[in-house]
Amino acid sequence: DKGGWSSFMAKEISEEPEAVANTIRGRVKDGQVVIPELDGLDELFSGITRVIIIACGTAAYAGQVGKYAIEQWARVPVDVELAHEFRYRDPVIGDDTLIVSISQSGETMDTLMAVKYARERGAKTLSICNTQGATIPRESDAIVYTHAGPEVAVASTKAFVAQITALYLLGLHVGRVRGSLGATEAAQHVLELESIPDKIRQILEDEQGHIEQLAHWMADTRSVLFLGRHVGYPIAMEGALKLKELAYIHAEGFAAGELKHGPIALIEPGQPVFVIVPSPRGSAVLHPKVVSTIEEIRARGARVIAIAEAGDAAVLPYADEVLRIPLAGPLFEPLLAVVPLHIYAMGLSTAKGLDVDQPRNLAKSVTVE
Ligand code: BG6
């Protein structure tokens, strides 16, 4: 039931705040992360020497965001691998490897087979999943459910923010267990995470109309590029994936630092480029670098749409459009910056008269290889 919304996707984007809040609920006690499902696993978390996140599609981009946070907080190397690549290349894994699979449906065949493969080779497996009792969690040693609620639209939106939330809870927990993260710092991150639902609500209230209008104006666009750095990089790729899936146009996400190593050749007058701008306060080193990237592409005629923190005036001279997100700590910005991109992809698909919930050739859960 769409509950009065024009599509399931519109409804599910409106539920992104609850997806985050419900995934946190019951997992914070006295300001610290407590995940009852992970009781008894402290020894495992202390002993691992690496983490490999395995997923497909949007879930893999959530994993790439999670990598930054888990490495920072838990001081353990994290690799993110597409499930179908992992399985067929004789990866180096053993009982000191923790495999974290991410799947909304819990039924994606490639992810399931990769989990089984890793388990047979002695790795411990933890599943982040949105569907109670699905096959992947049943095949895993531990489960952390995301509580985004049922997701109907084929392209994943609210499950994505819930997956990042679950990865962050996991990173904070493992960081505390391993002793790499102090209680005070962990408590600050927990507070930050708990403030995210209201900040997403604010984006939906303040920017949704503006973004849908922008998408409408851009209905004839043939190609869109997305740039980001650090945690903004996987968000750039997620923005591009959504546009391919929903609006059937060419879209690519790049690491902004990679621009001069190739992609800048694509910039010609009128080329729309979304740029995810890190916070000037939180990312004092990266912010000016991204602003100068914007300057460079603008000088070559790009049409720049900046996603920037409220109050960041540095982008104003170079951006054609600015989509504002509330202030958040550097690692938490992806949970905000992705929201305008989800709205934009839905808006462009709608402006082109396409079916946002059931894009051509795609399935919600791919249970074949
Ligand atoms: C694709 C879906 O087929 O599978 C994507 O269209 C999704 O939205 C991907 O991200 C992975 O699915 P799941 O269920 O494993 O998260």
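The values are calculated or read from the model by the stated rules, or taken from the named source; none is laboratory data. Everything quoted here is computed from the prediction, not taken from an experiment. Methodologically, a virtual Cβ is constructed for each residue, glycine included, from the backbone with ideal geometry; neighbour enumeration extends over all protein chains shown. When the accessible area is computed, the model is the full protein with side chains, heavy atoms only, and any ligands, DNA or RNA have been set aside. Shrake-Rupley method; radii C 1.70, N 1.55, O 1.52, S 1.80 Å.
Working from Cα pairs under 8 Å separated by at least six residues, relative contact order for segment 217-333 is 24 percent. Helices assigned as whole DSSP H runs in the chain whose Cα atoms extend at least 18 Å along their own long axis and whose mean Kyte-Doolittle hydropathy is 1.0 or higher are found at 334-351. Between Ile343, Ile264, Ile13, the Gaussian network model of the chain with springs among Cα atoms under 10 angstrom shows the greatest mean-square fluctuation at Ile264. Taking the protein heavy atoms of the chain in the context of the full set of protein chains, the accessible area attributed to carbon and sulfur is 50 percent at 1.4 Å.
Which shape class applies to segment 229-369: rounded if a/c is under 1.5, otherwise prolate when a/b exceeds b/c and oblate if not, where a ≥ b ≥ c are the square roots of the Cα gyration tensor eigenvalues?
Cα axes put segment 229-369 in the prolate bin.
So, for the chain, what is the accessible surface per residue at a probe of 1.4 Å, expressed in square angstrom?
39 Å²
Each of the peptides 346-356, 192-202 was scored by the mean count of other Cβ atoms within 10 Å over its residues; in descending order, highest first, they stand as 346-356, 192-202. For segment 29-130, the list of chymotrypsin sites (Phe, Trp or Tyr not before Pro) that fall in a loop by DSSP and count at most 15 other C-beta atoms within 10 angstrom reads Tyr88. About its Cα centre, the dipole of segment 191-258 is roughly 260 debye, where the only charges are +1 on Lys and Arg Cβ and -1 on Asp and Glu Cβ. Could you work out the relative contact order of the chain? I mean the mean sequence separation of Cα pairs under 8 Å and 6+ apart, divided by the number of residues, in percent. Relative CO of the chain lands at 19 percent.
Dividing the helix sum by the residues of the chain, where each DSSP H run of 4 or more adds -39500 (n - 2.57), gives a mean residue ellipticity at 222 nm of -14000 deg cm²/dmol. Pairs with C-alpha atoms separated by more than 28 Å, drawn from the list Lys242/Lys289; Lys289/Lys364; Lys199/Lys289; Lys11/Lys244; Lys2/Lys364, are Lys289/Lys364. Taking 8 Å as the Cα distance limit and 6 or more residues as the minimum spacing, I'd like the relative contact order of segment 158-269 as a percentage. Worked out over segment 158-269, it gives 17 percent.
Measuring between their Cα centroids, segment 24-87 and segment 103-141 lie 14 Å from each other. Shape class for segment 88-210, computed from the alpha carbon gyration tensor (a ≥ b ≥ c): oblate, with a/c not under 1.5 and a/b at or below b/c. For segment 178-241, the gyration tensor built on C-alpha atoms gives an oblate shape. Its axis ratio a/c (a ≥ b ≥ c) is at least 1.5, and a/b is not larger than b/c. From most to least packed by mean Cβ count within 10 Å, the peptides 134-144, 151-161, 222-232 give 151-161, 222-232, 134-144.
Ratio of Rg to Rh for the chain: 0.95 [Cα atoms; Kirkwood radius as inverse mean 1/r over pairs].
State the antiparallel share, in %, of DSSP beta bridges confined to the chain, rounding to the nearest 5. The antiparallel proportion sits near 5 percent.
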